[in-house]
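Engineer: One structure is given below, represented as structure tokens, and several questions about it will come after.
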Amino acid sequence: MAHFSFFLFDTGPIKTSADFRFYIENHTRNPDDLSRKQVRIYQLYSRTTGKHVQILGKKVNANGDDGGKYALLVVETETFGSHIRIKGKESEHYICMNEKGKIVGRPDGRKQECVFVEEFLENNYTALVSAKYKGWYLGFNRKGRPKKGSRTTQRQQEVHFMKRQPKGRPDPLEEFRFTVTKRTRRARRIKPNPKRN
């Protein structure tokens, strides 16, 4: 049985263990399928409220606690793309923006209204603009309530978010080692050597 080892080093944008595990699994199951979706789990920290975006079902706000179950977001993205869909891990509802610019949660995220485009800003912040309604951003006021997309611009702090690992997750700077076998084509984490300095 052939073994291949993968090491994650700090040579570019930081990848967490979850990011790397999904990357390995997606690309070893079917390397020729470039349209396969990648899935990441993280929180979106709101610059205005100091808390996290949470999806409670039909209602979405930015008052979630660090590590709160409704603040855990499953982010689906096409391979090599910046178009994403954001689903609540607990509620299983997607963040969507309707034709009036209102932010709502929906159980079906296949419509274009539920697709956002990541825009990377300075100081590690990210803005999410609607893929359907150009220039309309996902944003929340200081009370954590959603802002209408038509009243947002990229410069507003209300639309600035920072990706964060859930409370209690491993330090993203930690080094991870994975092996992939040809027989199973699955990735598994190798426990670090406790004797390593």
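The values are calculated or read from the model by the stated rules, or taken from the named source; none is laboratory data. This structure is a prediction, so every number in the text was calculated from the model and none was measured. We place every Cβ from the backbone using ideal geometry, glycine too, and count neighbours over all the protein chains shown.
Engineer: Look through region 122-141, keep the residues that are out of contact with any helix residue (DSSP H, G or I) (no Cβ under 7 Å at 6 or more places or on another chain) and either modelled with pLDDT of 95 or more or among the polar types (S, T, N, Q) (or both), and return whichever of them is surrounded by the fewest Cβ atoms within 10 Å (Cβ to Cβ). Walk me through it before giving the result.
Structural biologist: Residues of region 122-141 that are out of contact with any helix residue (DSSP H, G or I) (no Cβ under 7 Å at 6 or more places or on another chain), as a first pass: 122-126, 128-129, 134-135.
Among the residues that remain, those that are also either modelled with pLDDT of 95 or more or among the polar types (S, T, N, Q) (or both) are: 123-126, 128-129, 134-135.
Values: 123: 7, 124: 10, 125: 16, 126: 15, 128: 23, 129: 20, 134: 9, 135: 11.
Looking at residues that are out of contact with any helix residue (DSSP H, G or I) (no Cβ under 7 Å at 6 or more places or on another chain) and either modelled with pLDDT of 95 or more or among the polar types (S, T, N, Q) (or both), I get 123.
Engineer: Here's something else I'd like to know. Specify the residue that is nearest to residue 52 (Cα to Cα); the eligible residues are those in region 68-90 that are of a type in the set (A, V, I, L, M, F, W, C) and buried (at least 16 other Cβ atoms within 10 Å of the Cβ). Break it down stepwise before answering.
Structural biologist: Filtering region 68-90 for residues of a type in the set (A, V, I, L, M, F, W, C) gives 71-75, 80, 84, 86.
Now narrow it down to the ones that are buried (at least 16 other Cβ atoms within 10 Å of the Cβ): 71-75, 84, 86.
Working: 71: 6, 72: 9, 73: 10, 74: 14, 75: 15, 84: 18, 86: 13 Å.
Only one residue fits best here, namely 71.
Rundown of residues vs (1) at pLDDT below 95; (2) polar (S, T, N, Q); (3) under 25 Å from residue 47 (Cβ atoms); (4) part of a strand (DSSP E or B), yes/no style:
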| site | (1), (2), (3), (4) |
| --- | --- |
| 143 | no, no, yes, no |
| 154 | no, yes, yes, no |
| 169 | yes, no, yes, no |
| 172 | yes, no, yes, no |
| 175 | yes, no, no, no |
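Engineer: Does region 99-111 contain at least one residue that is within 17 Å of the chain's Cα centre (by Cα) and not charged (D, E, K, R)?
Structural biologist: There is at least one residue in region 99-111 that is within 17 Å of the chain's Cα centre (by Cα) and not charged (D, E, K, R).
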